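Working notes for the structure below.
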Amino acid sequence: MTVELSLHDGVATIALNRPEARNALNLEMCEALLEATRKLEARLVFVRGNGPVFCGGADVKERTGKSERWVRERRLKAFAAYEALEALPMPCIALVHGAAIGSGCEIAAACDFIVATPDAIFRTPEAQRGTVGATQRLPRILGKRLAKDLMFTGRDLSAEEARQAGLVTRVVDDLEVAAMELEATILKASPLAMRLAKRSIDQGIELDPKGAREVEIAAIEEQLASGQWMGKP
């Protein structure tokens, strides 16, 4: 399986599972990511990579001899996988170690936030390799100038640089300990409140202040109607 999906006590883990290929994203993995997001009934999701790195980028070997139509459809499938992660209604956290390159950056950035180890690096070498990708999500997070620096040069962004730039929220020595702490904190909260807060942030950031306020008011009304305001039945 190119993607492993596990579930315990309301926590789902989506693990990229091609360690022999540095978890390079291929068509099968795109489809497996889409399938994993369709199956999820969880309160919290972690996305991680099995093996020495998070994701070494797109699997360029599978493109050998393929038609332009195949390449186009393969890229659209990847976009759909990223968007499916981004659209999950519950908190979704990327746990990144080692390299997150190209598609790896996209997968991690599609999550609500990223927790990384000090050895993690982020790289978007698409333009250096003669292709186009990772040009939309990262500029919205990092800003246009840093995104262009990374894209034009293909240089590594260290975990600490990524934290300072807002791509990574926490740099930790032990991902397992960090995941357990996040799990304990998030699962204490109301699942509905978490979903409504996530929806309000994601929708509101795209609107003007008045529209954003209306999104939050609608979320408040929904929670009041549910009878779960402040966690009370």
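The values are calculated or read from the model by the stated rules, or taken from the named source; none is laboratory data. Predicted model only: the values in this text are computed from it and were never measured. Every residue, glycine as well, gets a Cβ built from its backbone with ideal geometry; the counts of neighbours run over all protein chains shown. In case anyone asks, the SASA skips ligands and DNA or RNA and just uses the protein heavy atoms, side chains included. Shrake-Rupley method; radii C 1.70, N 1.55, O 1.52, S 1.80 Å.
General observations
- For the stretch 44-141, the convex hull drawn through the C-alpha positions has a volume of 105 cubic angstrom per residue.
- Simple label model, 7 Å out from Cα along Cβ direction - ASP174 to GLU206, nm: 4.0 nm
- The chain: calculated mean residue ellipticity at 222 nm from DSSP helix runs of at least 4, using -39500 (n - 2.57): -14500 deg cm²/dmol
- Percent carbon-and-sulfur accessible area, the chain, ignoring ligands, DNA and RNA, probe 1.4 Å: 54 percent
- Shape box of the stretch 1-60 [Cα atoms, principal axes, largest first, Å]: 35, 22, 15
- Note on the stretch 28-187: dipole from Cβ charges, positive end direction compared against THR124, THR64, LEU167; the farthest Cα belongs to THR64.
- For the stretch 190-203, putting each phi into the Karplus relation 6.51 cos²θ - 1.76 cosθ + 1.60 with θ = phi - 60° gives couplings of 5, x, 5, 4, 4, 5, 5, 5, 4, 4, 5, 5, 5, 7 Hz, in residue order, rounded to whole numbers and with x for Gly and Pro.
- Out-of-range pairs (alpha-carbon distance over 29 Å; input LYS66/LYS144; LYS39/LYS148; LYS39/LYS210; LYS144/LYS210; LYS61/LYS198; LYS144/LYS188): LYS66/LYS144; LYS39/LYS148; LYS39/LYS210; LYS61/LYS198; LYS144/LYS188
- Each of the GluC sites (Glu not before Pro) that DSSP puts in a loop and that has at most 15 other Cβ atoms within 10 Å breaks the chain; the longest unbroken stretch is 42-205.
- Looking at the stretch 51-104, none of the chymotrypsin sites (Phe, Trp or Tyr not before Pro) sits in a DSSP loop with at most 14 other Cβ atoms within 10 Å of its own Cβ.
- Solvent-accessible heavy-atom area per residue, rounded to whole Å², over the chain at 1.4 Å: 53 Å²
- Karplus-derived HN-Hα couplings along the stretch 125-140 (A = 6.51, B = -1.76, C = 1.60, θ = phi - 60°), whole Hz, x at Gly and Pro: x, 4, 5, 5, 8, x, 9, 10, x, 6, 9, 10, 5, 5, x, 6
- The stretch 68-203: C-alpha pair distances exceeding 18 Å, %: 58 percent
- Inter-site label distance for ALA189 and GLU160 at 7 Å from Cα along Cβ, in nm: 2.9 nm
- Assigned charges on the beta-carbon of Lys, Arg, Asp, Glu; the stretch 1-103 dipole about Cα centre (debye): 320 debye
- Here the Karplus relation 6.51 cos²θ - 1.76 cosθ + 1.60, evaluated at θ = phi - 60°, turns the backbone of the stretch 161-171 into coupling constants of 4, 5, 5, 5, 7, x, 6, 9, 9, 9, 10 Hz, with x for every Gly and Pro.
- 12 Å tail of the calculated P(r), the stretch 158-199, as % of Cα pairs: 68 percent
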